[in-house]
């Protein structure tokens, strides 16, 4: 495709917190651009983007949705990203391929902080973005108050490009700060130009002057004009807005009421005039846009559809993509534009296009694909979020267990923020994700897509046990029946080891009282016993030494010595003062500074230990808190953390060590284990 063709493409992601109105905004955009003839709404479950059963059930976006339209000769692809914090991975994966991002928010100062992680991600990745303040008619705050609050969560300067016209607490329209023309909203039609409201002249001038002065920070010529009090031409202002937005130096701000289509057309006009075309974004990634390079695409999302099987949503970064092209050794089987769940077949796509490819069985979300036979450097991809919430799952039908791993593999391809494991100690299948709703959506998909209804329960804590004192123990196994009998006789020294040393086995046999060929049987017997110690849990940090014994020339065998060792361990371990151990996690919590004290209390209130806290070096007004947390206290930790921090707090964790369970709590655990048949 020619450069002009590439310049007529825009791919735009729509992001924002849950209930901010992202899906409503997209529905309005599709309606005013004639891509749809009738707007759907979330309540009725008939919007283009929230078309999956899981989204309709919850009246919220639960996965990335794609829609295309045309406006003023520009081909737009919109990526509607989930707003719930539990589906953040889905959003971040999509943003990596976006040319421009619209951050949708409500005009509520108390909710502005929920935008902080989005601004941080976009600023770190240098992705051009603008703000659309939705539901402006419901604001109880002044417009510039909202702008000032938004500035606190952005490292880039915010530039309002509109000023509201209010009457009797109603927003009637806006003043365009570039043209200084005033407009009133009208249902089902573009806003009408009206005489400039002189009562707003002072406030409008101050807002416009702030916009120009911010732009002048990046344009010496504009700065000279302002100093000399020369009115800059509109063309120069628009040029600066486009240049600075494309370089992710500024964040323009717009507003409206998406439910009524108010403010949507000016937003689209800004995307046409100011948003960067695809070659600008690609060139910043070091890629060619002149058509001479190999084809390079990146997978933004993987779908498994009931009609067409596996689909890979890709962003074309370099070259031209054609149907049937071989990428990373796989031949594509179909190429489509997506409109929600509808697929429109196409034959080719150019730089900047976002399309779906069929039958790429190996490609994963985030992968870089190319038709080149040469090795290329992979494009950067969003970091994978740590799982923070878990459920143990069991198929309701035991016969379905063989199908479960395959179905879970497909779900993980669709959603990389999921993780599953079969725990080595508890033997449970544990599903990990980003929260309760996230896992419930996943379980719904298992049931609907793969006919695998699941039973769930809280995962068992993988407790261990160890000993506090040493002992000597004797074990003799003697069995006589017809023919050869069985005989094994051992003496064991059992002693505790320091935490984390595991299990050690030694032997100090002298004079062959236990023949060498039987010693492995002794170690096997000891190891088998340690799988289920006197408290009913695996035993760790124990040293066992075979010191003496006896054998029978005919009746002894390795199996007999294994049984003798088990007897010695069973008798001896009861004398060693066994103690229950619990796994402890090392956690790092990230929260806004105003919530740091609550994060500290959350750790200590769950038997945790605080190691310290400090400011996040590259994130203004954010702290990270380091500590230890018993795994038994982790299950709903993320739920409470989000509740205390407006949903923005998060944490990373890893297993660190085992520690003794307090006696009172240990007694409760052992009582429950005994009642469940654990011991």
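Read-outs throughout are calculated quantities, based only on the coordinates presented, and are distinct from any laboratory measurement. These figures come from a predicted structure and were not determined experimentally. All Cβ positions, glycine included, derive from the backbone under ideal geometry; neighbour counts span all protein chains shown.
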Full-stretch length increase - residue 187, residue 547 - with 0.36 nm per residue and alpha-carbon distance subtracted: 120.4 nm
Beta bridges by DSSP in segment 65-133, antiparallel share as percent, to the nearest 5: 60 percent
Rounded to 10°, Cα long-axis angle of helix 663-675 versus longest principal axis of the chain: 80 degrees
Ascending count of other beta-carbon atoms within 10 Å, so fewest first, for 7, 22: 7, 22
Between 0 and 90°, nearest 10: helix 401-414 axis offset from the chain longest Cα axis: 30 degrees
Between 0 and 90°, nearest 10: helix 519-530 axis offset from the chain longest Cα axis: 50 degrees
Residue 425/residue 227 FRET efficiency (R0 56 Å; Cβ-Cβ; nearest 0.05): 0.20
Beta bridges by DSSP in segment 219-334, antiparallel share as percent, to the nearest 5: 100 percent
Ratio of Rg to Rh over segment 196-338 (Cα coordinates, Kirkwood Rh, two decimals): 1.13
Sorted by Cβ density within 10 Å, fewest first, the residues 140, 28: 140, 28
For 49, 353, order by how many other beta-carbon atoms lie within 10 Å, fewest first: 353, 49
Computed over segment 582-675, the ratio Rg/Rh where both radii use C-alpha atoms and Rh is Kirkwood: 1.04
Mean Cβ count within 10 Å, highest first, over the residues of peptides 405-413, 361-369, 189-197: 361-369, 405-413, 189-197
Theoretical FRET efficiency, 1/(1+(r/R0)^6), r = Cβ-Cβ of residue 606 and residue 273, R0 30 Å, to 0.05: 0.05
Computed over the chain, Cα set: Rg, Dmax in Å: 32.3, 115
Computed helical MRE - 222 nm, the chain, DSSP H runs ≥ 4 contributing -39500 (n - 2.57), nearest 500: -8500 deg cm²/dmol
Antiparallel %, DSSP beta bridges [both residues in segment 3-281], to 5: 50 percent
